[in-house]
Every structure is written in C-alpha cells, then in structure tokens.
1. Can you list residues whose amide H is under 5 Å from D65's amide H, if they're 5+ apart or on another chain and H is modeled 1.01 Å from N?
2. Let me make sure I get this right: for segment 188-279, a, b and c are the square roots of the gyration tensor eigenvalues over alpha carbons, sorted descending. Under 1.5 in a/c it's rounded, otherwise prolate if a/b > b/c, else oblate. Which is it?
3. Compute the signed sum of charges (Lys and Arg +1, Asp and Glu -1) over the other residues within less than 10 Å, Cβ to Cβ, of A227.
4. Can you tell me the order of 206-214, 111-119 when each peptide is scored by its average per-residue count of other Cβ atoms within 10 angstrom, highest first?
5. Can you find, among Q239, V255, S267, the residue farthest towards the positive end of the dipole of segment 230-281? Put +1 on the C-beta of Lys and Arg, -1 on that of Asp and Glu.
6. Per-residue HN-Hα couplings for segment 103-120, Karplus 6.51 cos²θ - 1.76 cosθ + 1.60 at θ = phi - 60°, whole Hz, x for Gly and Pro?
7. What is the distance, in nm, between label points placed 7 Å from the Cα along the Cα-to-Cβ direction at L231 and at N54?
8. Name the long-range amide H neighbours of G147: under 5 Å, sequence gap of 5 or more, or other chain; modelled H, no Pro or chain starts.
Amino acid sequence: MCNKPRLGPRIVGDMLRYLLAITAAAVLAAGPVFAFDLFDGEAAAVSDLIRCPNPKITSDVGLPDLWSCVFPGADVVKVFINEDGNGSVENVKVMWNHWTRDTGYGVHADKEMAEAWVTAIATRFAPEAVDGVLDAFRGNADASIAGDGHILVYTYFKGPAIDERLITITASEPSAAASPPAQAYKSVADISGGVSLICRNPQREYNLVYVEGTPAVVVNPDSESVAWPVLSVLFDDRQHIVIADLEQPGMAAHVQLRPYLKDDIFSSGEMVQTDGCYAFT
C-alpha cells in the first residue's frame, strides 16, 4: 500500500476552479495558433495555462530538452513538451495513467484533474474542437483531431491495471487557402438556405454542403459528389447536428452546425475522429 501524501481536497478544488475559469475565458477569446512558440515560451505558456505546481526541465548533453509537469499525489497526470534540439518544439504530450485496479490510490485516480488539463490545453491548440478533444480522451478508441495549425492524436492502450490515455500534439502547416477560425452559427436562419463547410483532417481537406430539409449531406459537390443520407437532425437552443450515414457498416457522421463547426466520425457508436471545419462561401 502506497502512503505517499497527496494534495488536500481544498487545494485540488482551487486548482480545478481556476482551470475551469481560464478554460471558459480561453474558449471565448482563443484564435488559432499556427505554430508552436519557441521551447521556452511554449513551456512558460503551458505551465501558466495548467497552473503547473512543479515544472521541471531535463537537460542532457547531446539530447533535446524536456519540459515536464506531473500532478502530485498519484503521479498519473502528466504533461511533456519535447524540444527539437534547435530551440523549437517537437511536440506536446498529455498523459493520464488511468488506474482501473486499486493499488492504494483507488480507481480512476485524479480523473477530474486529467480532464481539466486536457480541456485547458485543448483551448490553446484546438480552440474550436475542445469538446471533441475531451470526448476522444474519455473514449477507448484512437482518434485524430485537426485543429487550426495543430494535429492532436489520441491513443489508448488497455493494460491489466492501468490504461494509458495519451494525446500527442504536433504543429501542421496551414494550407494556402487557410481560413479564419471556425465559427458557430447563432441561429437556424443562418443556415436555412444551405451551408457549405470546409473540413480538414491529417489526410485531406473536403467540402460538405447541406441544405436544411434535404435528404443528404453532399461531399465535394464540385468533384466526387458523394451523398451521405441524412438519418436524423438534432436541433434545439443548444445544438444543431446533422447525423448522416457514411454507407459503411456501423459508420456515421455527426456534422455539427452549432455550437461548433466540426465533423465527428463514429464507428459502432464510438467517436473515432473529429475534423475541424469552417464556413465556406
């Protein structure tokens, strides 16, 4: 039985409240970051964003530097920034070693802090897809999420007592036709005459066109012109989502028009990919 002291509930609660507050502010104010800052600047920004209690830089001769932050207690929530050897950033990683068997800390140790750190970091690197990043992190299927300027790859590994949940963030070059950040439609009037979205993932960029009340979402109407049959539409004062059949076994697209613009891909009921989108006219 491990007797390592943990942070008290009041301190953890204060940190969670802080992270929720700065995350809400960041979602409202964030714009796309098309590249990482230099290593020192990125480390300082991330450290401040997650309110890291114990930042550390590891420097070894001949090796790139490594910035790390491990949430104290069970030591299962971790953030790493890998330098590329030239003062820039290779990648950013967020890891949760998810205990599924009690070995002294209980099961699901520090789950709330893991999700708080993931949400806070997502506001920096994929501000238009924060919910999608968190949904992927909670799931058990690998996923790739395209932000504006960054790619977030989630991998899940099931172990006998610990599940590894890892998000690796790398920079991506904006395309020549890069657009303003994704915007949410404010009312159904904005899309009543039809909406055209440009969506991106690490493999391709594609155009989705949907006209309210029509039976299909059309993919790349100017080239391949594939139709995804509409299965249902979720619409209320909080959301507008068109659910379409990808015409592959168990596959469906959830094309979100409110509160975010994005295309969530589901396989057998589990989200496996989120593609960021923006309005195209």
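Values in this text are rule-based calculations from the coordinates and carry no lab data. Since the model is a prediction, treat every value here as computed from it, not as a measurement. Glycine gets a Cβ as well: all are built from the backbone with ideal geometry, and neighbour counts include every protein chain shown.
1. The answer is E83, G85.
2. rounded
3. -2
4. 111-119, 206-214
5. With unit charges placed on the Cβ atoms, the residue in question is Q239.
6. So the Karplus estimates, Gly and Pro as x, are 10, x, 9, x, 8, 6, 4, 6, 4, 4, 5, 4, 5, 5, 5, 4, 5, 4 Hz.
7. For L231 paired with N54, the spin-label model returns 4.6 nm.
8. So G147 has HN proximity to L152.
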